[in-house]
Amino acid sequence: MAKIDTTDFRTGLNILVDGEIYSIVDFQHVKPGKGPAFVRTKLKGVESGKNIEKTYRSGENVESVRVERHPYQFLYADGELFYFMHQETYEQIPLEKTRVEKSEFVTDGMICTLVIDVENERILYAEPPDHIETEVVQTDPGLRGDTAQGGSKPATIAGGAVVQVPLFINEGEKIKVDTRTSEYIERVKS
């Protein structure tokens, strides 16, 4: 792992804090009127998802962690294990369900991103794409005259997630969903 100092901080950089990998969400260099300069950071745990704030002295050294993101195709789930396949080598990798973010959006054949700690050759977590096109498998029927401004109802999509959709959406229709916010975007025209 490479040593860097606080002048190299940037959003998205991964660093080691107390033996855990954290990603820098936000940072601010502060130069008070009295005393030495410091850097105030907001960090998010890569594996734990825990948010912390930490202050570093200006010029203090920290260990950076090299993390790579690779596309893998989701094959199937077997109990608590999700199986992913590398697109070029066809290598299959099992991953615990707890390390698959937003697992309720992951469906067969979907290309997900696996985040890998390069130093230790360890998979940290998997995440689905930001936007997916999926089918509505269960929802209450829409009523005649429902409009786009009319309101919303819950709908279960393939994979098991429940999202709020407009009243005119029916079972069997394809919709586009933002997996980060679990929000309906639009109906997919076939």
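The values are calculated or read from the model by the stated rules, or taken from the named source; none is laboratory data. Quick caveat: nothing in here was measured; it's all calculated off a predicted structure. For neighbour counting, all protein chains shown are included, and Cβ atoms are generated from backbone atoms with ideal geometry for every residue, glycine included.
So here's what we get for this one:
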{"read-out": "The range 14-25 residues that are touching a residue at least 60 places away in the same chain (Cβ under 8 Å), paired with ones that are part of a strand (DSSP E or B) (beta carbon under 8 Å, 6 or more apart)", "value": "ILE21/ASN14; ILE21/ILE15; ILE21/GLY45; ILE21/VAL67; ILE21/ASP117; ILE21/LEU124"}
{"read-out": "Some residue of the range 58-76 being within 20 Å of the chain's Cα centre (by Cα), at pLDDT below 90, farther than 30 Å from ALA158 by Cα and not aliphatic (A, V, I, L, M)", "value": "yes"}
{"read-out": "Residue in the range 88-98 that is surrounded by 17 or more Cβ atoms within 10 Å (Cβ to Cβ) and not assigned by TED's automatic domain parsing to the domain that holds TYR22 present", "value": "yes"}
{"read-out": "Odd one out for THR7 among (1) surrounded by fewer than 16 Cβ atoms within 10 Å (Cβ to Cβ); (2) in contact (Cβ under 8 Å) with a residue 40 or more places away in the chain; (3) in a loop (DSSP other than H, G, I, E, B)", "value": "(3)"}
{"read-out": "Matching residues, the range 26-46, being under 18 Å from the mean Cα position of the chain (by Cα) and either modelled with pLDDT under 90 or exposed (fewer than 14 other Cβ atoms within 10 Å of the Cβ) (or both)", "value": "ASP26, LYS44, GLY45, VAL46"}
{"read-out": "Search result, residues across the range 95-121 that are more than 14 Å from the chain's Cα centre (by Cα) and either assigned to a loop (DSSP other than H, G, I, E, B) or aromatic (Phe, Trp, Tyr) (or both)", "value": "THR107, ASP108, GLY109, MET110, VAL118, GLU119, ASN120, GLU121"}
{"read-out": "Residue identified as surrounded by 12 or more Cβ atoms within 10 Å (Cβ to Cβ) and among the acidic types (Asp, Glu) among GLU53, GLU68, GLU80, GLU63", "value": "GLU63"}
